[in-house]
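See structure below.
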Amino acid sequence: MQINSLSTVGFRNLRSVRLKFSEGVNILSGKNGSGKTNILEAIHTLCLGRSQRGAGDQVMVCRDADLYRLEGELVTDREQLTVTAAYQRGGRKKLTIDGLTSRLAELYERFSVVSAGPEDNAVVAGSPSVRRTFLDIHLSQLSATYLSHLGDYQRALAQKNAALKAERDGEPFEEIMISSGSRIISERAGFVHDLSVRGGAFYQKLSSREQLSIEYRPSVPVEGDGSDIESIARNMQKKLEEQHHRERILQTSLVGPHRDEVYLGLDDLPARSHGSQGQWRSIAIALKLAVFHLLKQRRGTPPLLLLDEVFAELDESRSDALIDAFGELGQLFLTTAVQPPVSLIEKSCHFEVADGEVTRVN
């Protein structure tokens, strides 16, 4: 897929910007703090309804504005669409496709994006919730039903927790939690297995010293490859029954995919506690490479690729290795405060960004 154009009003420091993009490589250069990353954030929000940095909508509104509005022309292998995302302070975000109000799920069904940037270190070094969010964002682009099950589960979980805090019985909400949660766990198990194979191989290309291991550690026992949903549901039911007394005491739900963890290891040690920042960066990039190729394979077309300062800490040979690892890129957006790889400059459309103003150079 690709994005042909982007216009912004009241978004971050960009204020009013109108851009037309190349279907190949688009380089956004400028000093740190100029607004380069905000352009990537606008693209990501337009395609998937959320910031790749996890920022809330109220934060993305320009300081002296009451709302932001994004509009872009997005092209898939089947259609060309005009998409908008708008948010007013204190209100709710509105998404439209060709003028018709759209649900978030429709964006995930139609569009796919992979973003890599400095915030991805948290996938390795942050809390388990960051890794669960990583799974949810990319699985929702791979599976048409995953996002639906996730929404059902989260609503039932919130209702159960509210009941427990009010010292009421939370068990009536567990039927939905088991039905949706077992499917979430099954899909996560398969996804992490694919990540382990591909991510480990890509890490070796970027950093050949250690072996990267990726393991799914759900709060519910999973047998075999995780494809037996009925078995997971039975195990979840049993685990919930075992934890009912503790849940009433602690007033929170202790069993289900909201308690899952993804373990990332270097050789025999946890990367979170024993890896350097450089190793965290390489692991995060390897994970995004794996996700990019999984999306490309299963959806039949490369996703949009947003690379935020990923070459800043890489020498020329590692930068070239990274570009080669992506293979057939499709449309690429690259922010940089330094000279980008020569292999990309030759076939790129170049923009300069300064204080929220964007100028096309070539």
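Couple of notes before you dig in:
- Here the strands (runs of 3 or more DSSP E) wholly within the stretch 1-99 that include at least 2 residues being surrounded by fewer than 19 Cβ atoms within 10 Å (Cβ to Cβ) and without any contact (Cβ under 8 Å) to a residue 60 or more places away in the chain are 15-20, 80-88, 94-97.
- Any chance Thr133 is hydroxyl-bearing (Ser, Thr, Tyr) and assigned to a strand (DSSP E or B): no
- Residue tally, condition in contact (Cβ under 8 Å) with a residue 24 or more places away in the chain, open to solvent by less than 60 Å² (accessible area, probe 1.4 Å), closer than 21 Å to Arg168 by Cβ and not hydroxyl-bearing (Ser, Thr, Tyr), over the stretch 232-277: 8
- The test for being over 30 Å from Phe311 (Cα atoms) and either in a helix (DSSP H, G or I) or in contact (Cβ under 8 Å) with a residue 40 or more places away in the chain (or both) holds for Ser227.
Condition check ((1) without any contact (Cβ under 8 Å) to a residue 60 or more places away in the chain; (2) crowded, with 17+ Cβ neighbours inside 10 Å; (3) touching a strand residue (DSSP E or B) at 6+ places or on another chain (Cβ under 9 Å); (4) not β-branched (Val, Ile, Thr)) across all residues:
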| residue | (1), (2), (3), (4) |
| --- | --- |
| Phe111 | no, yes, yes, yes |
| Pro118 | no, no, yes, yes |
| Tyr146 | yes, yes, no, yes |
| Ala162 | yes, no, no, yes |
| Asp194 | no, yes, no, yes |
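Conditions tested, residue by residue: (1) in contact (Cβ under 8 Å) with a residue 24 or more places away in the chain; (2) among the small types (Gly, Ala, Ser); (3) open to solvent by less than 40 Å² (accessible area, probe 1.4 Å).
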| site | (1), (2), (3) |
| --- | --- |
| Lys165 | yes, no, no |
| Arg168 | no, no, no |
| Phe173 | no, no, no |
| Ile185 | yes, no, yes |
| Gly190 | yes, yes, yes |
| Phe202 | yes, no, yes |
| Glu210 | yes, no, yes |
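The values are calculated or read from the model by the stated rules, or taken from the named source; none is laboratory data. This is a predicted model, so every value here is computed, not measured. Every residue, glycine among them, receives a Cβ derived from its backbone with ideal geometry; neighbour counts consider all protein chains shown. Please note that ligands, DNA and RNA were not included when accessible areas were found on the heavy atoms of the full protein model with its side chains. Shrake-Rupley method; radii C 1.70, N 1.55, O 1.52, S 1.80 Å.
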